[in-house]
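To start, the structure under review is shown below, and the notes come after it.
The values are calculated or read from the model by the stated rules, or taken from the named source; none is laboratory data. Being a predicted model, the structure only gives us computed values, none of them experimental. These accessible areas exclude ligands, DNA and RNA; they are computed on the full protein's heavy atoms, side chains included. Shrake-Rupley method; radii C 1.70, N 1.55, O 1.52, S 1.80 Å.
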Amino acid sequence: MSIQTTAQPGETGRGARYRDRLPRELGGKLQRRTLLVLSTATILGGLGFGASASVGALLLAEVSGHDAISGLAAAMSNAGAAAAGIPLARIAARRGRRTAVVLGSSIAMLGALLAICGAAISLWWVLALGIGVLGVAAAVQLLSRFAATDLALPKNRARDLSLVVWSITVGAVIGPNLMGPGALVGNWLGVTPLAGVFVFTFFAQLAAVLVNFFGLRPDPLLTARELQAAAAAAAPVDAPETNAEVSASRRAKVLAIVIIATAQAIMVGLMAMTPLHLKHHGGSDALVGITLSLHIAGMYALSPVFGILAGKVGRLRVIVGGWVILLVAIYFAYVSGDNSVYVQLAMTLVGVGWSAVTVAGAALLTDLTVLAERPKWQGRADTFMSASGAAAGVLAGIVFAMSNFSILALVALAVLCLGAIASMYPKLRVARQH
């Protein structure tokens, strides 16, 4: 069996030059099959999650009667994803990616049912809880993108990761436009029309469960571990590991997580209040749906481009490019007022900038971790990414209720500065050189 070798940043000791070996055959046929399964399940999960995300804020405002509470939709969704990140990563570490993603999508199905019940009995906190449980679907999507790197050759990690991220586009763009059909389903069920969208969410998550359950065989993470063990057995004895290198790598991992979480906070904070901002200026449901579709398309449609660029020009350069795009987006959000075209342009660019930062950031984090540590650090990244989104959703609702969309854009600018500073921190560049 032909073996390729690559060293990991910050790793020394026996077998350092033999970690992450993959047979060329698995870098081809099995990896392509794994990507197909993950992408198909992610399309289905994105369809359901995109549909519910489009109505969550509006439905909470309708059921509660308070605009400020609408921010809980994004907050609870991200809180659910944050709560599930580390537990799903631990399950993946013990039982494999397949068990983790199937369990996560099954829990998301229950969240969709709970959301429908909350709307039916007009209890906003039950609805918010359902949205929170449904947020586990987002954690599954995050886990799936990392699963795409388990069997990938090192040079293809960013590209393969971005392909799974891209697959969210199909379902996520269609999802917000299911408000009309969802209204018909809601009327048929005897609940508020907006709640009907969650019926689509339930069946989409069920389909994702079936695809992953039958398709992720063999499990990519468990297979990669078997290959690593076989490679390590043939490795020569090298120099002992040094504490300085381990410490530098750890700092770099934390900074990579900060970068990813910052982009998430900016994106969620602005997206969460966009439907209400448009509504306050006379926007229709159709306008809200189109705007969110453009935003979600921006988030995912160009992800393969950023994945390829991250592999060719470097992770940090793509991340810096993402900050520049986000800066332009924040400017258009600040000056938008009642100009819906500016709002749509701002939200599209927010999605594009978010994609650049998170795709390159996730690839960077994967590069900085050895296979044995990846589920742990990837789970931490997903948790902090989602937690930052939850906090941003709550803060955005409060800021918007007390001021306006322009002030919210200024808050996003302040957050962006923190992420940009983290990207320029010298320790990150030093850690990548090991």
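A few comments on the model shown:
- Gyration tensor verdict on the stretch 33-126 (Cα atoms; rounded if a/c is under 1.5, prolate if a/b is larger than b/c, oblate otherwise): prolate
- Using θ = phi - 60° and Karplus 6.51 cos²θ - 1.76 cosθ + 1.60, couplings along the stretch 375-388 (whole Hz; Gly, Pro as x): x, 4, 6, 5, x, 4, 4, 5, 5, 5, 4, 5, 5, 5
- In sequence order, the stretch 159-166 has phi-based couplings of 5, 5, 4, 5, 5, 5, 4, 4 Hz under the Karplus curve 6.51 cos²θ - 1.76 cosθ + 1.60, θ = phi - 60°, and Gly or Pro positions carry x.
- Taking a quarter of the surface of the Cα convex hull of the stretch 317-434 gives a mean projected area of 7.7 nm².
- Full-extension gain in nm, I407 to K155, via 0.36 nm per residue minus C-alpha separation: 86.5 nm
- Sorted largest first by accessible area at a 1.4 angstrom probe radius, with every protein chain in place, the residues W125, W166, W323 fall in the order W125, W166, W323.
- Multiplying the residue separation of R94 and L222 by 0.36 nm and subtracting their alpha-carbon distance yields 45.2 nm.
- Share of pairwise Cα separations in the stretch 70-212, more than 28 Å, in percent: 21 percent
- Debye-sum result for the stretch 284-331 in log10 I(q)/I(0), which assumes one identical scatterer on each alpha carbon, at q = 0.15, 0.28 Å⁻¹: -0.51, -1.03
- Integer Hz, Karplus 6.51/-1.76/1.60 couplings in order for the stretch 296-308, x for Gly and Pro: 5, 4, x, 5, 10, 4, 9, 4, x, 4, 5, x, 5
- Rounded, prolate or oblate (a/c below 1.5 giving rounded, otherwise prolate when a/b exceeds b/c) for the stretch 128-204 by Cα gyration tensor: prolate
- V335 contributes an accessible area of around 60 Å² to the protein surface, as traced by a 1.4 Å probe with all chains present.
- For the stretch 268-356: rounded, prolate or oblate by the Cα gyration tensor [a/c cutoff 1.5]: prolate
- Solvent exposure of E62, expressed as accessible area, is near 100 Å², computed with a probe of 1.4 Å over the protein chains only.
- Accessible-area order (highest first, 1.4 angstrom probe) of the listed residues T274, T40: T40, T274
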